[in-house]
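Below: the structure, in structure tokens.
The values are calculated or read from the model by the stated rules, or taken from the named source; none is laboratory data. Worth saying up front: this structure is predicted, and the values here are computed from it rather than measured. Don't worry about glycine lacking a Cβ; one is built from the backbone with ideal geometry, like all the others, and counts go over all protein chains shown. Heads up: the accessible areas ignore ligands, DNA and RNA and are worked out on the full protein's heavy atoms, side chains in. Shrake-Rupley method; radii C 1.70, N 1.55, O 1.52, S 1.80 Å.
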Amino acid sequence: MSPNLIALDWGTSNLRASLLDGGGAVLEQRSAAAGVMAVPERRFAEALLSLCGDWLAAHPGCACIASGMVGSRQGWVEVPYVECPAGLADAAAKLVRVSFGDAHVLHIVPGLCGVGADGQTDVMRGEETQLWGADLPAGSCVVLPGTHSKWAWLGEGDRVLGFQTHMTGEVYALLTQHGILGRLMELGGAFMPAAFDDGVRLGLERHAHLLHTLFAARTAGLTGQRGGGELPDFLSGMLIGAEVASARSGSSDGVPAVTLLGDGALCDRYARALGLAGIAVQRAPQEATTRGQWRVAAAAGLTGAAQREGRR
């Protein structure tokens, strides 16, 4: 099938572009280190045309859609959040149009916001599109590991009922790179599963006392209980274990099962920690972001017959 949509996953560090056909299948992909924080002087149009200008020239009928931090305050234009509970159709109705280049239009997907049980506001940008692309059943609890990991609960009709953000990855980076805990660590070595598992168990059991428990990542090195190569994974396990315990304690059903949505070694760590917590784990399909972008675009009338009629 001929190209029908250009889908952009535009995050903080990277820009990934996918050329899709009318059924949402990927025809071609490319990427660049052109995340929103790497674009000089807010020249977002130039960054987009540098990566995808040839696609736009060859396929002028293709609509363009983007999700992620490109719609944040630091991005191309700040797109208002849609309040949870919210579904795919709600986001499709709130796309923000940005003109660029030679009469092109980029449609930016809004993020989601919600108020938690603690009365505090939570937000996500980009993860909502992944959730809609994963096509999971109502009642699913979905964990999206990352610098700021998300725990999301889904309802009927693709609706995101609510979610929690856990700053686990950022805290780990700060503690290892800018804190005293990192002084005794040997970073970048092979994964130490036993040390990680010990950390997970400690985090699960002592999550309510995390600010005290974290100091064990220093004393274990000072006393020779653990080598420098073990300490990073010990700390990682503690933080992920505390995250799992915290999310589970705030859920009415105790989270008996979750779906992991993401790629790579970080998801493997979460699967291991969730297993130690007695939580059943399944993996979401790959390429959920691109699939979600296509589904939002279709709901907004940007693909197929609607696009060919010029309603971009």
For the range 216-244, how many residues are without any contact (Cβ under 8 Å) to a residue 12 or more places away in the chain and either within 22 Å of the chain's Cα centre (by Cα) or outside any helix (DSSP H, G or I) (or both)?
-> 3
Please work out which residue is least open to solvent (accessible area, probe 1.4 Å), limiting yourself to the range 21-51 and to residues that are more than 23 Å from the chain's Cα centre (by Cα) and among the aliphatic types (A, V, I, L, M).
-> A45
Options T259, T289, T303: the member that is touching an Asp or Glu at 6+ places or on another chain (Cβ under 6 Å), in contact (Cβ under 8 Å) with a residue 40 or more places away in the chain and over 16 Å from T168 (Cβ atoms) | T289
Within the range 292-308, is there a residue that is closer than 24 Å to G157 by Cα, in contact with a Ser or Thr (Cβ under 6 Å, 6 or more places away or on another chain), modelled with pLDDT of 90 or more and assigned to a loop (DSSP other than H, G, I, E, B)?
-> no
Can you name the number of the only condition in (1) modelled with pLDDT of 95 or more; (2) closer than 30 Å to A173 by Cα; (3) β-branched (V, I, T) that V105 fails?
-> (2)
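Give me the strands (runs of 3 or more DSSP E) completely within the range 37-129, filtered to those with at least 3 residues that are within 22 Å of G24 (Cβ to Cβ), ordered by residue number.
Ranges flagged: 63-67, 104-108.
This table checks each residue for (1) open to solvent by 60 Å² or more (accessible area, probe 1.4 Å); (2) at pLDDT 95 or above; (3) out of contact with any strand residue (DSSP E or B) (no Cβ under 7 Å at 6 or more places or on another chain); (4) among the aliphatic types (A, V, I, L, M).
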| position | (1), (2), (3), (4) |
| --- | --- |
| T147 | yes, no, yes, no |
| A152 | no, yes, no, yes |
| G169 | no, yes, no, no |
| A173 | no, yes, yes, yes |
| Q177 | yes, yes, yes, no |
| G188 | yes, no, yes, no |
| G203 | no, yes, yes, no |
Is there any pair with a first residue in the range 65-80 that is farther than 18 Å from G114 by Cα and a second that is part of a helix (DSSP H, G or I) and open to solvent by 50 Å² or more (accessible area, probe 1.4 Å) whose Cβ atoms are under 8 Å apart and which are 6 or more apart or on different chains, and what are they?
-> G75/M69; W76/R42
Which residues, counting only those in the range 150-196, are β-branched (V, I, T) and assigned to a strand (DSSP E or B)?
-> V160, T165
Are any of the residues in the range 116-135 among the aromatic types (F, W, Y), open to solvent by less than 10 Å² (accessible area, probe 1.4 Å) and modelled with pLDDT of 95 or more?
-> yes
If you scan the range 73-100, which residues turn out to be open to solvent by 60 Å² or more (accessible area, probe 1.4 Å) and not charged (D, E, K, R)?
-> Q74, P80, Y81, P85, A89, A93, S99
Note on the range 197-212: residues among the charged types (D, E, K, R) and in a helix (DSSP H, G or I) are D197, D198, R201, E205
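Here's the yes/no breakdown for (1) buried (at least 24 other Cβ atoms within 10 Å of the Cβ); (2) of a type in the set (S, T, Y); (3) under 16 Å from L144 (Cα atoms); (4) at pLDDT 95 or above:
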residue: F234; (1), (2), (3), (4): yes, no, no, yes
residue: R248; (1), (2), (3), (4): no, no, yes, no
residue: G254; (1), (2), (3), (4): no, no, no, no
residue: G262; (1), (2), (3), (4): no, no, yes, no
residue: A265; (1), (2), (3), (4): no, no, yes, no
residue: D268; (1), (2), (3), (4): no, no, yes, yes
residue: A273; (1), (2), (3), (4): yes, no, yes, yes
residue: A280; (1), (2), (3), (4): no, no, yes, yes
Is it the case that T289 is surrounded by 19 or more Cβ atoms within 10 Å (Cβ to Cβ) and polar (S, T, N, Q)?
-> yes
Of all residues in the range 205-231, how many are among the charged types (D, E, K, R) and exposed (fewer than 12 other Cβ atoms within 10 Å of the Cβ)?
-> 0
Among the residues of the range 63-72, is any under 21 Å from the mean Cα position of the chain (by Cα) and open to solvent by 10 Å² or more (accessible area, probe 1.4 Å)?
-> yes
